[in-house]
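Okay, structure first, notes after.
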Amino acid sequence: MNIQINKVAQSRVSQVDFDKLVFGKYFSDHMYIVDFVDGVWQQPQIMPYGDMLIKPSLSALHHAQSIFEGMKVFKNKEGDVMFFRLYDNFNRMNRSAERMCMPPIPENIFIEGLKKLIEIDKDWIPTQDGKALYVRPVYFSIDEVIGVKPAENYRLVIITTPTGAYYPEPLKVLVEKTYSRSSEGGTGYAKAAGNYGGAMYPTKLAMEKGYHQLIWTDAIENKYIEESGSMNVMFVINGVLVTPSLSNSKLAGITRDSILKLAIDMGIKVEERNVTVDEVIEAHEKGQLQEAFGVGTAANVAPIALIGANGKDYVLPNPANFAVANKIGKALTEIKMGKAEDKFGWVIKL
Ligand SMILES: *Cc1c(COP(=O)(O)O)cnc(C)c1O
């Protein structure tokens, strides 16, 4: 594939303090852009990160035919650049595209463009433990038409941002029973832009009460646990790793899948099933709720220190002692960083 490349005259990488990274704030030198116009993928380009001209009629702004992905790139001690389960992100992007009535992205347009972009900006990949280069592909309609119908023309852009820990401390989460992020038959399984805009108001209300994040419940009975913010959620009850089974209202996290596979491999008992709010509280009251944590690319494993539900706060055991979360979180990080054997074949070297 031929990519037109226009590099910056001077890299900005030395201006970024890699010890003080803020999630999603500093963008690397280049971006990858390719448009889909009149049914044809146009010339892929890598150019300096910068402005894009848009008209107020840009269809994505009005009706949110817009999806994204999130993945991380690591560098090992030898300086090899490593992607984690890259094709899973690519395939999920196309599942989101299908749900939002957008044309599928061809594999070479996505994978080869991304690889070239990372190769050019590899100096932006942090090497300290727990840090990585976060990759954000975004794909959206670019018709200048405000009719409510699928657009004809689209743009894929990939930008990258060096990142450290997403949550600096164990989380306080609130079980949400009034608002929903998605429902059966909706778009919850897609990384569709509108899902996240719609989640902000209820999340803000929870933050005003001192919580960091929500735990969403099902939209019909508000009885079953769905997931958290931009993470799937897991519990350890009586030594069993319990997580809500997937459905079309939940995002199928790649971290979730990796952790379940690692847990099974370590001999930890795993249950994917419906999980009610009541059973989690009951387990807590009986002293059987040993751990709760969120799992996702941005946060990796984010321990939960406190769960608010039904007007009460339930304090978990000290997250520093979460045996399962800490063990699997560490194992996962070591595989991603090339420090442990990758027996599942998840890591792809550039
Ligand atoms: C991205 C995301 C996740 C986590 O998915 P990963 O592939 O593990 O990063 C979970 N829930 C939601 C709503 C998400 O957007």
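The values are calculated or read from the model by the stated rules, or taken from the named source; none is laboratory data. The shown structure was predicted, so the numbers you read here are calculated from the model rather than taken from an experiment. Glycine also receives a Cβ, built like all others from the backbone with ideal geometry; neighbour counts cover every protein chain displayed.
For the condition surrounded by fewer than 20 Cβ atoms within 10 Å (Cβ to Cβ), over 23 Å from residue 267 (Cα atoms) and out of contact with any Gly (no Cβ under 6 Å at 6 or more places or on another chain), what is the one hit in 327, 339, 343, 349?
Matching residue, one of 327, 339, 343, 349: 349.
For the subset of segment 204-241 comprising residues that are surrounded by fewer than 20 Cβ atoms within 10 Å (Cβ to Cβ) and among the polar types (S, T, N, Q), which member is farthest from residue 63 (Cα to Cα)?
Within segment 204-241, the match that is farthest from residue 63 (Cα to Cα) is 238.
Is segment 270-280 home to any residue that is assigned to a strand (DSSP E or B), away from the ligand (no atom under 16 Å from the Cβ), within 16 Å of residue 307 (Cα to Cα) and of a type in the set (Ser, Thr, Tyr)?
yes
Every residue in segment 19-59 that is surrounded by fewer than 19 Cβ atoms within 10 Å (Cβ to Cβ) and touching a Gly at 6+ places or on another chain (Cβ under 8 Å), please.
23
Considering only strands (runs of 3 or more DSSP E) fully contained in segment 144-232, which possess at least 3 residues that are more than 15 Å from the chain's Cα centre (by Cα), within 25 Å of residue 277 (Cβ to Cβ) and at pLDDT 95 or above?
In segment 144-232, 171-176, 213-217 are the strands (runs of 3 or more DSSP E) which contain 3 or more residues that are more than 15 Å from the chain's Cα centre (by Cα), within 25 Å of residue 277 (Cβ to Cβ) and at pLDDT 95 or above.
Please give the number of the condition residue 240 fails out of (1) under 17 Å from residue 84 (Cβ atoms); (2) in contact with a Lys or Arg (Cβ under 8 Å, 6 or more places away or on another chain); (3) β-branched (Val, Ile, Thr).
(1)
Can you find, within segment 60-82, the residue that is modelled with the lowest pLDDT among those that are of a type in the set (Lys, Arg) and surrounded by 10 or more Cβ atoms within 10 Å (Cβ to Cβ)?
75
Where the second residue is assigned to a helix (DSSP H, G or I) and hydroxyl-bearing (Ser, Thr, Tyr) and the first is assigned by TED's automatic domain parsing to the domain that holds residue 277 and more than 8 Å from the ligand (Cβ to nearest atom) and lies in segment 178-199, which pairs have Cβ atoms under 7 Å and are six or more apart or on separate chains?
Filtered contacts from segment 178-199: 190/96; 192/96.
Here are some residues: 225, 215. Which one is touching a Ser or Thr at 6+ places or on another chain (Cβ under 7 Å), within 14 Å of the ligand (Cβ to nearest atom) and more than 30 Å from residue 129 (Cβ to Cβ)?
225
Let me confirm something: among 102, 93, which residue is within 16 Å of the ligand (Cβ to nearest atom) and either in contact (Cβ under 8 Å) with a residue 12 or more places away in the chain or surrounded by fewer than 21 Cβ atoms within 10 Å (Cβ to Cβ) (or both)?
Step by step, each of 102, 93 is checked, and only 93 is within 16 Å of the ligand (Cβ to nearest atom) and either in contact (Cβ under 8 Å) with a residue 12 or more places away in the chain or surrounded by fewer than 21 Cβ atoms within 10 Å (Cβ to Cβ) (or both).
All but one of (1) within 23 Å of residue 336 (Cβ to Cβ); (2) of a type in the set (Val, Ile, Thr); (3) under 16 Å from the mean Cα position of the chain (by Cα) hold for residue 67, so report the exception by its number.
Looking at each condition in turn, residue 67 falls short on (1).
Collect the residues in segment 242-264 that are surrounded by fewer than 13 Cβ atoms within 10 Å (Cβ to Cβ) and either assigned to a strand (DSSP E or B) or in contact (Cβ under 8 Å) with a residue 24 or more places away in the chain (or both), keeping them in residue-number order.
245
Return the residue satisfying two criteria in turn: it lies in segment 228-269 and is of a type in the set (D, E, K, R) and within 13 Å of the ligand (Cβ to nearest atom), and of such residues it is nearest to residue 325 (Cα to Cα).
If we take residues in segment 228-269 being of a type in the set (D, E, K, R) and within 13 Å of the ligand (Cβ to nearest atom), then 256 is nearest to residue 325 (Cα to Cα).
Every residue, every condition in (1) within 16 Å of the ligand (Cβ to nearest atom); (2) closer than 18 Å to residue 7 by Cβ; (3) of a type in the set (Asp, Glu); (4) in contact with a Ser or Thr (Cβ under 9 Å, 6 or more places away or on another chain), yes or no:
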{"site": "36", "(1), (2), (3), (4)": "no, no, no, no"}
{"site": "39", "(1), (2), (3), (4)": "no, no, no, no"}
{"site": "43", "(1), (2), (3), (4)": "no, yes, no, no"}
{"site": "48", "(1), (2), (3), (4)": "no, yes, no, no"}
{"site": "53", "(1), (2), (3), (4)": "no, no, no, no"}
{"site": "56", "(1), (2), (3), (4)": "no, no, no, no"}
{"site": "65", "(1), (2), (3), (4)": "no, no, no, yes"}
